[in-house]
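In what follows, a single structure is set out as structure tokens and then discussed.
The values are calculated or read from the model by the stated rules, or taken from the named source; none is laboratory data. All values derive from a computational prediction rather than experimental measurement. So basically every Cβ, Gly included, is an ideal-geometry build from the backbone, and we count neighbours across all protein chains shown. Side chains included, ligands, DNA and RNA excluded: accessible areas come from the protein's heavy atoms. Shrake-Rupley method; radii C 1.70, N 1.55, O 1.52, S 1.80 Å.
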Amino acid sequence: RTIRLLRIITVFRWKRPLKAMHILIEVASKKQEELMVTFFGSMILILLIGSFMYVLEGDANPEMFPNIPNALWWCISCLSTVGYGDVVPITWMGKMLGSLASVLGVGLFAMPAGILGSGFLEVYAERKSRHSRSKWGPRESQQTAMEADANQNVDKDLGVQNDSSLHAASEITSEMDDYPSMANF
């Protein structure tokens, strides 16, 4: 039986899942600051809402909110939008705070998802640009100079005297005025 348990080691030979894990680790490391700010903000939100709920419901509902840790448990289940129903507020102010906590809970999970989503886009764009550049191709400074030379050559081929694309565009527009418009058909 122990030897069968060692089969799990074959998971480490999978290249595709490990590649995905490397991408996830790269995204998490690039967005570490933003994720930490979100995490600490959510901790502060849990402490504030839980403590405030204890103040609002502690006297009116001592069975469900006997202390701050129980109020924090309620806050975590409410912010995560699980809402087990084991602890519920009974005062109208407590219900209003519970409603606010539920709405804030949706945003609490949407923020890290958005941060990670933008991180995946950045990593994808970075990998795509890294992949598209050839190993022996020109450097960026050489490439911009080459692009400028190519643009001048195109202007010469088109018969533009002064490198002004606005001048070329006005010539093309004036030539297009000679053609009948689609409204005449």
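For this structure, a couple of remarks:
- Residue within the stretch 111-122 that is surrounded by 14 or more Cβ atoms within 10 Å (Cβ to Cβ), closer than 30 Å to Met64 by Cβ and modelled with pLDDT of 85 or more present: yes
- Test: residue in the stretch 45-56 that is free of Cβ contacts under 8 Å to residues at least 12 places away in the same chain and open to solvent by less than 80 Å² (accessible area, probe 1.4 Å): no
- Failed item, numbered, when Glu63 is tested on (1) of a type outside the set (Ser, Thr, Tyr); (2) open to solvent by 60 Å² or more (accessible area, probe 1.4 Å); (3) within 28 Å of the chain's Cα centre (by Cα): (3)
- Scanning the stretch 22-32 for residues that are open to solvent by less than 50 Å² (accessible area, probe 1.4 Å) and of a type in the set (Val, Ile, Thr) turns up Ile23, Val27.
- Test: residue in the stretch 76-83 that is within 30 Å of Met21 (Cβ to Cβ), outside any helix (DSSP H, G or I) and either free of Cβ contacts under 8 Å to residues at least 24 places away in the same chain or out of contact with any helix residue (DSSP H, G or I) (no Cβ under 7 Å at 6 or more places or on another chain) (or both): yes
- Residues of the stretch 89-99 that turn out to be in contact (Cβ under 8 Å) with a residue 12 or more places away in the chain, open to solvent by 60 Å² or more (accessible area, probe 1.4 Å) and either aromatic (Phe, Trp, Tyr) or assigned to a loop (DSSP other than H, G, I, E, B) (or both), as a count: 1
- Qualifying residue in the stretch 39-58 (condition: outside any helix (DSSP H, G or I), at pLDDT below 90 and either under 26 Å from the mean Cα position of the chain (by Cα) or closer than 30 Å to Thr91 by Cα (or both)): yes
- A single member of Leu35, Leu108 is touching a Pro at 6+ places or on another chain (Cβ under 7 Å) and buried (at least 16 other Cβ atoms within 10 Å of the Cβ), and it is Leu35.
- Members of the stretch 24-38 that are in contact (Cβ under 8 Å) with a residue 60 or more places away in the chain and either in contact with a strand residue (DSSP E or B) (Cβ under 9 Å, 6 or more places away or on another chain) or assigned to a helix (DSSP H, G or I) (or both): Glu26, Val27, Ala28, Lys30, Glu34, Leu35, Thr38
- Condition check for Ser102: more than 26 Å from the chain's Cα centre (by Cα), surrounded by fewer than 16 Cβ atoms within 10 Å (Cβ to Cβ) and more than 30 Å from Arg127 (Cβ to Cβ): no
- Within the stretch 106-121, the set of residues being touching a residue at least 24 places away in the same chain (Cβ under 8 Å) and closer than 18 Å to Ile76 by Cα comprises Val106, Leu108, Phe109, Met111, Pro112.
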